[in-house]
Amino acid sequence: METPVSELPGVSAHRAECYARLGIVTVSDLLRHLPMRYEQEWAESTIEDLPVEALGSARGMVTKTNIRRGRTPRFEALLEDQHQDLQLVWFNASYLRDQIQPGMMIRVQGKAHAYKGRPQMVNPRWERLDEQGAAPAKDQRLRPIYPSTENLPGWQIENLIGDLLPRVTDQLIDPLSSVFVREREMPALADALRLAHQPRHEQEFAVARRRLAYNELLLLQLGIAIKRHYNHHVLAAPTLRYSTAIDQHIRARFPFELTDAQSEVVAEIAADLQRAWPMNRLLQGDVGSGKTVVALYALLMAVCERRQGALMAPTELLAEQHWLSITDMLKGSSVRIELLTAGTSAAGSAERRAQLKKIDAGEVDIVIGTQALLSESVQFNKLAVVVVDEQHRFGVLQRASFRGHGEGKTKKAHSPHYLVMTATPIPRTLSLTVFGDLDVSTIRKSPPGRAPIVTRVVGPDKANDVYDYLAQRVADGGQAYVVVPAIDESGHESRAQLKNVRAHAAALRDKLRGFKVAAIHGQLKRQTRESIMHRFRKGLIHVLVATTVIEVGVDVPGATMMIVEHAERYGLAQLHQLRGRIGRGRGGPRSVCVFIADPSKPEAQQRMDAIGSTGDGFRIAERDLEIRGMGDLFGTRQHGMPPLRVARIVEDMDLLQMARRDAEAMIDKDPGLTAPTNRTLRNILLREYGEAIALIDVG
């Protein structure tokens with residue numbers, strides 16, 4: 001199954017590259033490249049009896065060939081049998097003139113239709129016969145139609161799989177016992193592969209797909225179950241004390257009372273932190289629901305025990321925002337906080353060395369930073385709690401990177417507690433897959449006083465009206481964001497057609513004379529960004545033109561309007577995140593978000609319809625999953641998770657639940673899958689998911 005496709009007979013180096021573009025590198029990949037549909041292919045007949053507009057097959061002699069040149073060149077041939085002739089046309093296939101010549105006997109397969117009173121086949125499959133036309137007649141069958149490319153037609157994939165199946169299925173070892181699969185009313189793996197590629201009727205394919213989809217989901221759930229078992233039984237984490245006095249002491253530091261929803265989540269987190277194994281919890285809530293203060297509560301539980309906490313954000317701007325807001329909330333306390341990003345101090349500088357020395361000595365209680373926190377040079381003294389904000393933006397699963405930072409009194413490997421935050425609600429299907437090793441806490445209600453945001457989606461033809469309205473809002477004392485996709489026109493072929501920060505800010509300064517327009521983006525120095533955001537918060541800047549650098553975490557209560565240019569270029573969750581930057585104040589005018597979009601593709605139009613119809617992040621997350629599928633959502637491909645070739649998470653929820661139950665039962669009995677009956681399953685699991693879900697921990 002791991003044999004490279006390039007080593008199969010008849011697969012040239014060029015063709016192997018074509019297969020690789022379809023994600024087919026090994027025999028295993030090839031056999032999991034399932035047909036996207038089937039077409040009824042009728043038994044071979046005379047040309048006269050060919051079915052109309054249905055797959056049929058006929059044989060005869062080529063009596064004439066011709067090449068027609070022009071805008072769309074085509075090769076033509078005339079095929080005759082004893083009763084009638086058939087016109088054959090292949091577009092962009094002039095190379096066939098050297099392969100199909102008058103006097104040859106060939107058999108063709110394709111859909112026949114009437115053209116100028118004569119039967120015709122366009123781009124049919126063909127094969128050469130000997131002079132007597134010897135070759136068995138084709139029987140009626142379901143013909144598989146495979147996802148293919150221009151350079152790799154589906155019939156070539158079908159032929160390769162057809163040659164391969166008998167050899168592979170005879171050698172295939174099913175990782176699941178016959179009793180196990182029978183109890184779940186599924187076929188053996190070899191039978192499932194045969195039925196998927198060569199079914200007699202479509203019901204056989206449904207049976208086969210169910211088994212193959214279950215296999216994928218079981219592997220995924222086994223990896224998750226192993227991680228959960230490892231977390232609970234192999235790793236040790238510091239137990240943090242909790243009492244009414246500690247609770248009151250922490251709450252006294254906040255300038256407002258926690259909502260009931262926040263308090264419920266705090267109770268779940270506090271219960272986790274009192275255990276001797278690491279918390280692995282996902283805190284999800286819609287934009288503006290108050291997650292940061294809950295995360296700070298967890299960090300302060302570590303500080304109460306004279307231990308350290310760390311908060312890691314995906315961008316410097318968000319890390320700076322967290323540092324500012326947490327420093328403000330803890331003003332007057334003895335909690336020592338450091339901001340560690342590439343912008344605060346250069347690697348190797350005296351300032352960075354001083355920061356690292358303080359962290360290592362335990363002279364810092366809470367460290368806030370970006371991926372710089374993962375550097376080997378960062379050594380914590382007694383790290384107890386790690387908060388990772390918007391984890392899916394980091395591109396890889398990095399929670400394990402903090403292990404070993406700190407001390408453990410047992411022989412178990414030491415790990416801090418982890419709290420992962422996201423303002424992009426996770427659909428339940430994804431919470432069972434990519435984030436399946438995490439317990440989930442949800443803040444469903446926003447703090448009181450948050451008014452709904454008025455959302456409008458308009459075309460570029462309405463842009464002047466939108467900016468006139470912006471001018472009116474600014475004149476009335478409001479503040480606004482304007483989001484554009486590019487920083488400037490350089491460095492990208494298509495940027496000339498896109499609004500960019502520098503040019504758009506200059507144009508708005510001309511339009512809004514007497515008002516302050518500023519620009520912010522990720523290439524600015526940290527001190528410059530801080531200065532701009534500080535003036536924007538103070539109301540000294542009226543309109544802030546920005547890239548998506550302001551997408552998460554930026555909190556300016558006075559900003560009540562947002563315009564997003566080229567909105568069709570952004571993902572649905574990203575649009576919702578951007579919209580969440582406004583409507584964060586209490587009282588004042590209603591917040592308005594306008595998406596200026598010119599969608600040219602159906603998927604982009606679906607995103608615009610969705611963002612314009614609801615402000616509920618949970619509904620948007622589900623709709624995003626429906627539109628985009630699991631593969632791209634939340635950067636799951638960047639997480640290193642192999643793509644699911646067969647399973648479809650939303651439609652296969654029942655299989656996912658079954659696979660989860662079965663995986664947990666297996667790992668409860670055999671945590672390392674080391675029993676002889678599980679070794680094949682373990683080997684497949686390590687090959688497919690080992691790196692992505694850190695199975696190297698299992699040995």
*Straight-line reach from Lys499: which lysines have Cα under 25 Å away, leaving out those fewer than 8 places along the same chain?*
Lys462, Lys511, Lys516, Lys525, Lys601
*Calculate the spin-label point distance for Leu498 paired with Lys445, positioning each point 7 Å from the Cα along the beta-carbon direction, and give it in nanometres.*
4.1
_Correct option for Cα Rg over 2.2 N^0.38 Å [calculated from the coordinates] among (i) 1.18; (ii) 1.87; (iii) 1.09_ = (i)
_Using a Debye calculation, one point per C-alpha and no hydration shell, please list log10 I(q)/I(0) for region 94-198 at q = 0.17, 0.21, 0.24 Å⁻¹ in order._
-1.02, -1.30, -1.41
*asked:* Would region 9-61 count as rounded, prolate or oblate if I go by the C-alpha gyration tensor, calling it rounded below 1.5 in a/c and otherwise prolate when a/b exceeds b/c, oblate otherwise?
replied: prolate
*On a 0 to 90 degree scale, rounded to 10, what angle separates helix 316-329 from the longest Cα axis of the chain?*
30
_Residue exposure sequence - Lys499, Lys358, Lys525 - by fewest surrounding Cβ within 10 Å_ = Lys525, Lys358, Lys499
*Give me the distance between the Cα centres of region 571-633 and region 454-487, rounded to whole Å.*
17
_Net dipole in debye of the chain [+1 Lys, Arg Cβ; -1 Asp, Glu Cβ; about Cα centre; nearest 20]_ = 2240
*Could you check the simple spin-label distance between Glu2 and Asp510, using points 7 Å along Cα→Cβ, in nm with one decimal?*
6.4
*What's the center-to-center distance, using Cα atoms, between region 224-255 and region 27-96 in Å?*
68
*Determine the calculated [θ] at 222 nm for the chain from helices alone, applying -39500 (n - 2.57) to every DSSP H run no shorter than 4 residues and normalising by the residue count; nearest 500 deg cm²/dmol.*
-10500 deg cm²/dmol
*Within region 43-139: Cβ-based charge dipole about Cα centre, in debye rounded to nearest 20 (Lys, Arg +1; Asp, Glu -1)*: 660
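In the neighborhood of Ala675, defined by Cβ-to-Cβ distances under 12 Å, what is the net charge if each Lys or Arg adds +1 and each Asp or Glu adds -1? Spell out each step's value before the answer.
Details: positive: Lys669, Arg679, Arg682; negative: Asp670.
For residues surrounding Ala675, the net value is +2.
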*According to the square roots a ≥ b ≥ c of the eigenvalues of the Cα gyration tensor, what is the shape class of region 454-614, taking rounded for a/c under 1.5, prolate for a/b larger than b/c otherwise, and oblate for the remainder?*
rounded
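Once you have the Cα-Cα distance between Ser177 and Ala13, take 0.36 nm times their residue separation minus that, and quote the gain in nm to one decimal.
So the extension gain works out to 55.3 nm.
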*asked:* Can you give me the Rg/Rh ratio for region 43-139, using Cα atoms for both radii and the Kirkwood formula for Rh?
replied: 0.94
*Which of Ser45, Ser377 comes first, and how do the rest follow, when ranked by fewest Cβ neighbours within 10 Å?*
Ser377, Ser45
*Charge sum, other residues only, whose C-beta stays under 9 Å from Thr341's C-beta, Lys/Arg counted +1 and Asp/Glu -1*: -1
*asked:* As an exercise, find the ratio Rg/Rh for region 255-369 from alpha-carbon atoms, using the Kirkwood inverse-distance average for Rh.
replied: 0.97
*Relative to the present Cα-Cα distance, how much length would full extension add between Glu76 and Ser600 at 0.36 nm per residue of separation?*
185.0 nm
*Calculate the spin-label point distance for Lys116 paired with Thr614, positioning each point 7 Å from the Cα along the beta-carbon direction, and give it in nanometres.*
5.6
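Using the number of other C-beta atoms within 10 angstrom as an exposure proxy, rank Val387, Val303 with the fewest first.
By the 10 Å Cβ count, ascending: Val303, Val387.
Taken together, the values in this text are just the output of simple stated rules run on the coordinates, not laboratory data. What you are looking at is a predicted structure, and each value in this text was computed from that prediction instead of being measured. Positions of Cβ are backbone-derived with ideal geometry, glycine not excepted, and every protein chain shown enters the neighbour counts.
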